[in-house]
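One structure is given here, and the rest of the page talks about it.
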Amino acid sequence: MKKSFLFALSWCCLLSILSAQVRTEFLLEKGWKFARTDNPQSYSPGFNDSKWQSVVVPHDWAIYGPFSSKNDMQKVAITQDGQKEAMEHAGRTGGLPFVGVGWYRINFKVPEFTKGKKAAILFDGAMSNPEVFLNGKKVGHWAYGYNSFYLDITPYLNEAGNNLLAVRLENKEESSRWYPGAGLYRNVHVIITDDAHIPVWGTQLTTPKITSDFAKINLKTKVVRPADTKAENFRLVTDIKDVDNRIVATNETNLSKYDGDLFEQNIIVPQPKLWDIETPYLYKAVSKLYEGSTLKDEYTTTFGIRSIEIIPDKGFFLNGKKIKFRGVCMHHDLGPLGAATNEAALRHQVSMLKEMGSNAIRTSHNMPSPELIKVCDEMGMMVMAESFDEWKAPKCKNGYNLLFDEWAEKDLVNLVHHYRNNPSVVMWSIGNEVPQQGVAGGAKMARFLQDICHREDPTRPVTQGMNKPKADIGNNFAAIMDIAGINYHTGIYPEAYEKLPQQLILGCETASTVSSRGVYKFPVEPKIMQKYDDHQSSSYDVEYCDWSNLPEDDYIQHDDRSYCIGEFVWTGFDYLGEPTPYYEDWPNHSSLFGIIDLASLPKDRYYLYRSHWNPTKETLHILPHWNWKGREGEVTPVFVYTNYPSAELFINGKSQGKRTKDLSVTIDNSNDDASMKELKRQKRYRLMWMDTKYEPGTVKVVAYDKDGKAVAEKEIRTAGAPHHIELTADRTLLTADGKDLSYITVKVVDKDGNLCPDVNQLVKFKVSGAGIYRAGANGDPISMDLFHLPQMTLFNGMLTAIVQTKDKAGNITLEASAKGLKTGVITLQSK
Ligand code: GAL
C-alpha cells in the first residue's frame, strides 16, 4: 500500500507535502489502472483490477488508435459549412476510438488527512461525463469534458489506510466537431486543508489603479470555517512577493461578522513591474489565514499587474499601449500527444507562435488547460478564454445542447473563477457560431451568459464568434456584446462598424486558408474548396474555403481600418479532426488549416505571418522547394515571404527581376473578383514571380531595404540523392521530471545538407538512456501511422520525433535509421 502511495506522487509533490504544514496538495499521476470495459462493479474497492492497463495521468485513451473510418462516423450535413444533404464524415473527429466508456482506478493514502481536516478533489478536465467514486461511494459528477471542477471528498476519504478512487467516463458519438480526446486527459489534484480554509479558486485579485509609482491591488479572499467559530477570530496576512521572492508589500486584515466570510484587502505595490507581452512579470500574493494565533491555511495567488482597456473607435489597449490582436485559434489537442495535457508541449507551441509574432490565443471552442494559461502567463501571450461551441441548439446531435440548461451557468462560473486572476487572460468568449444567431431569443441568451462573466469578473470584456453578421447586426445579437467578434465575412466590417454601437470590430476567427506542408500544386491560382487525388492542399497559400479567405484579406482589414482590433487566425496548429475540404474522403482525419502542421513543423504560411507580424525580425523565406524532376522548362512560380520591402530573384545566377511590395493596393481597389483572381492583395504582402520556369540548380533571393540597399540573401538548391538523416532538437537540455519533452526535427538531406523533399520512407527510432520515445508525427493529414510507435513515415522529407525524459537524470540518445540512409544520432541532457 505504501508503495502505491509513493507511486501516486511526483517528487515535487512530495516536496510540497514535506514543506507545507497546513495545506497539502498533490497530483494523482502514477499508479492508475485503466480499462475500456464498463463493469458496473468497477467503483468498488474489492473489485479486481489487476488485469487492467497501468497508465499515467494525464492520459488520453484514444490517441493510441487504431485509426478507423468507423470511429464516430457522422452521417450529417454540416449546415454551417453550407452542406444541404447528409454525407458520411469519416474523419470529422479524428478517426480515433474516443467514443464509449472508460474506467480509471487508483489507490492512494493521505496521512495528512486527520480528524477535523477537509479534503477536495479537483479535476482540471475529464473527457467526459465523469462520475467520481471514492471508497465505494459516489461523490459526484460533472458533464462537460473541458471544464475544471472540484468535489468535497471530506466525508468519503479514509483518515488512515488506503483510499480507492474510481472514475467512470463516457463519450457519446456525434458529440463533437473535432477530436475531443478521451479519459483523464488533464491533471487530478487532491487538496487537504484545515477545517477553516481558503477554498479552491477562493481568491479574486484585481489591479484597479496602476501608475508608475504604485499599483493598488484589491484582493478578495473567501474563507470557509466551521459553524462554531467566530468571524472576528480570523485574520488574513498577505505578502506580495516579486519574482525573486522578496516581499514588496504586506497587508493584515481582520474578518468581521459583517464581511460574509470574505476578506477584502487593498495593497499598494510600489514601483510596479507590469505584465506585458515582452516582459511578462509575475507577482505572487501569499495569504496566510489565522484563527487567533493558529495558522489555518496558506494560499498563493499568482498574478500580474497590467491594465486592459477597450476604447470605442480607438482599439484595444494593454498598459495604455494600443495593440492589435495577432492571434491564433487553437484546439486543445497536442497533435501526436492527443489531448493529454503537457506543459512542455504547450511551451513548445507558444514559443513557436511567439517567434512568429503572434500575441494571442483563442482557446477555441472550450476551456483551456491550466498548463496553457500558466505558460501564457509566463511567456507573455494573451488569451481569449472560450467556453462553448453550442448553446441550446445543436450543431452535433449529442453536443453541449443536451447540457446547456442544467450546466451553462455552472460551467461559465468555473471557467471565470479558475482564470480570473491570470494576467494573460484578457477576454472571455461565451460561444462560437451558435445557431441562436438571428433567432428570436438569441440575444437574451447571449446577454444571460455575458452577464455571468461580468458578475464573476467585472474587469474583462466579453465576446463571441459570430458568423451570421447580417442577422447578428439586425437583431441585437452583436450589439449587446462588449466586443463584436466576427468570424470571416470581412466584407461586412464597414456595415457592422456603422450599425453596431461598440465602434470596434474583432476578427474573432479569420482566414481558414488550407495547405499541406511541402505540397505545391500547379498552375498557381486561387482555389476554393479544391480537392486533389492526393488528398492535400497547395502550400502556395492560395486555397481556402467557401466561407473563408487568404491571410492578406485579413491583414489589409486590420492594417487599414483603425476600428479593427485584430484577428484570431483559424488555426495556429493543425489539429485532429475536421479535414475540410476532404469531408468524406477517408483517410483524411486531421485539419489543413494550421499555419503549423500536426508535427509542429512550420508550413510556408508560418513565414508569411512572421514577415507581417514580427516585422523587426528578419524573415526571408523562399517557396517552393526546388526539386521538380519532370517540370524542366515549365512555369513554376517562386514566392518570397519577407519583412523587407523588395527583393530580386536569381535562378542559376540569372536575374528574374525585382519585386516590391505594392503599397498602392487598398481594400477598395482590390475588392473585386478580378483582383482576387490575380492575387492583387497578395502583392502588397508577398513577393511573387509568377512566370519563373523550373531548371535544376539554385534559387537565390537578395532582399533590399527601403533605401534599395541589399541587406540579406538566401539560397535554396535542388537536392541530390538522399544521403543521411539530420536530427535537430528544439531543446537539448531537459528536466528529469518524467514529463519534459524535446521535439526533434527529422530531415532527410543530401550529402551537402539540402532537404530531399520527395522522400517518404519509413524511419525507425531507438531511444536509450534517461528518456523514452514519446510520440511522433509527420504532418500528413492522411497518415495512418500510429503516433506512439517508434517509427514513422516521412512526409515530404521531414517528420518530428518527441522524446520524453524519465525522472532520473542522465543523457538521452535518439537514433533514427532508414533504409539506404546514414543513421542520425542526437544526444540530449536531462538534469
Ligand atoms: C468555423 C468554425 C471553426 C471551424 C472553422 C473551419 O466556422 O467556427 O470551428 O470549423 O470554421 O473553417
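The values are calculated or read from the model by the stated rules, or taken from the named source; none is laboratory data. Values in this document were obtained by computation on a predicted structure and should not be read as measured data. Please note: Cβ atoms are built from the backbone with ideal geometry, for glycine as well, and neighbour counts cover all protein chains shown.
Assorted remarks:
- Some residue of the stretch 17-28 being surrounded by 20 or more Cβ atoms within 10 Å (Cβ to Cβ), of a type in the set (Val, Ile, Thr) and modelled with pLDDT of 90 or more: yes
- Residue match in the stretch 513-526 (condition: under 28 Å from the mean Cα position of the chain (by Cα), small (Gly, Ala, Ser), part of a strand (DSSP E or B) and within 16 Å of the ligand (Cβ to nearest atom)): no
So that you can scan it fast, the table gives a plain yes or no per residue for (1) surrounded by 24 or more Cβ atoms within 10 Å (Cβ to Cβ); (2) farther than 20 Å from residue 183 by Cβ; (3) touching a Pro at 6+ places or on another chain (Cβ under 8 Å):
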| position | (1), (2), (3) |
| --- | --- |
| 333 | yes, no, no |
| 336 | yes, no, no |
| 369 | yes, no, no |
| 374 | no, yes, no |
| 377 | no, yes, yes |
| 385 | yes, yes, yes |
| 393 | no, yes, yes |
| 400 | yes, no, no |
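- Looking across 433, 406, one residue alone is touching a residue at least 24 places away in the same chain (Cβ under 8 Å) and within 16 Å of the ligand (Cβ to nearest atom). It is 433.
- Any chance residue 63 is among the β-branched types (Val, Ile, Thr), part of a strand (DSSP E or B), under 30 Å from the mean Cα position of the chain (by Cα) and within 30 Å of residue 739 (Cβ to Cβ): no
- Close Cβ contacts (under 9 Å, 6 or more residues apart or on different chains) running from residues in the stretch 533-554 that are without any contact (Cβ under 8 Å) to a residue 60 or more places away in the chain to residues that are outside any loop (DSSP other than H, G, I, E, B) and within 11 Å of the ligand (Cβ to nearest atom) comprise 537/513; 543/513; 544/511; 544/513.
- Residue list for the stretch 631-662, filter: assigned to a loop (DSSP other than H, G, I, E, B) and either in contact with an Asp or Glu (Cβ under 8 Å, 6 or more places away or on another chain) or within 18 Å of residue 715 (Cβ to Cβ) (or both): 632, 633, 636, 637, 643, 644, 645, 652, 653
- For the stretch 60-74, residues that are at pLDDT below 95 and among the basic types (Lys, Arg) total 0.
- Segments classed as strands (runs of 3 or more DSSP E), wholly inside the stretch 247-328, with at least 1 members that are of a type in the set (S, T, N, Q): 247-254, 262-270, 283-291, 294-303
- Tabulated pairs, the stretch 325-352, first modelled with pLDDT of 95 or more, second among the basic types (Lys, Arg), C-beta under 6 angstrom, 6+ apart or interchain: 327/362; 329/362; 341/186
- Check on residue 730, at pLDDT 95 or above, on the phi < 0 side of the Ramachandran plot and in contact with a strand residue (DSSP E or B) (Cβ under 6 Å, 6 or more places away or on another chain): yes
- Residue within the stretch 244-265 that is in contact (Cβ under 8 Å) with a residue 60 or more places away in the chain and within 34 Å of the chain's Cα centre (by Cα) present: no
- Residue list for the stretch 650-699, restricted to those being touching a Ser or Thr at 6+ places or on another chain (Cβ under 7 Å) and of a type outside the set (Lys, Arg): 651, 652, 656, 660, 687, 692, 694, 696, 697
- Positions within the stretch 582-593 being away from the ligand (no atom under 11 Å from the Cβ) and in contact with an Asp or Glu (Cβ under 7 Å, 6 or more places away or on another chain), in sequence order: 584, 590
- Residue match in the stretch 722-740 (condition: hydrophobic (A, V, I, L, M, F, W, C), exposed (fewer than 14 other Cβ atoms within 10 Å of the Cβ) and closer than 30 Å to residue 340 by Cα): yes
- The stretch 765-809: number of residues that are charged (D, E, K, R) and crowded, with 20+ Cβ neighbours inside 10 Å: 2
- Residue 477 being in contact with a helix residue (DSSP H, G or I) (Cβ under 6 Å, 6 or more places away or on another chain) and among the aromatic types (Phe, Trp, Tyr): yes
- Answer from 42, 54 - the residue that is buried (at least 18 other Cβ atoms within 10 Å of the Cβ) and either assigned to a helix (DSSP H, G or I) or modelled with pLDDT of 95 or more (or both): 42
- Residue list for the stretch 447-477, restricted to those being among the aliphatic types (A, V, I, L, M) and away from the ligand (no atom under 16 Å from the Cβ): 449, 452, 462, 473
- Answer residue from the stretch 547-581, given it is over 22 Å from the mean Cα position of the chain (by Cα) and among the polar types (S, T, N, Q) and is nearest to the ligand (Cβ to nearest atom) among those: 549
- Within the stretch 489-512, if we keep just the residues that are in contact with a helix residue (DSSP H, G or I) (Cβ under 9 Å, 6 or more places away or on another chain) and in a strand (DSSP E or B), the residue that is farthest from the ligand (Cβ to nearest atom) turns out to be 505.
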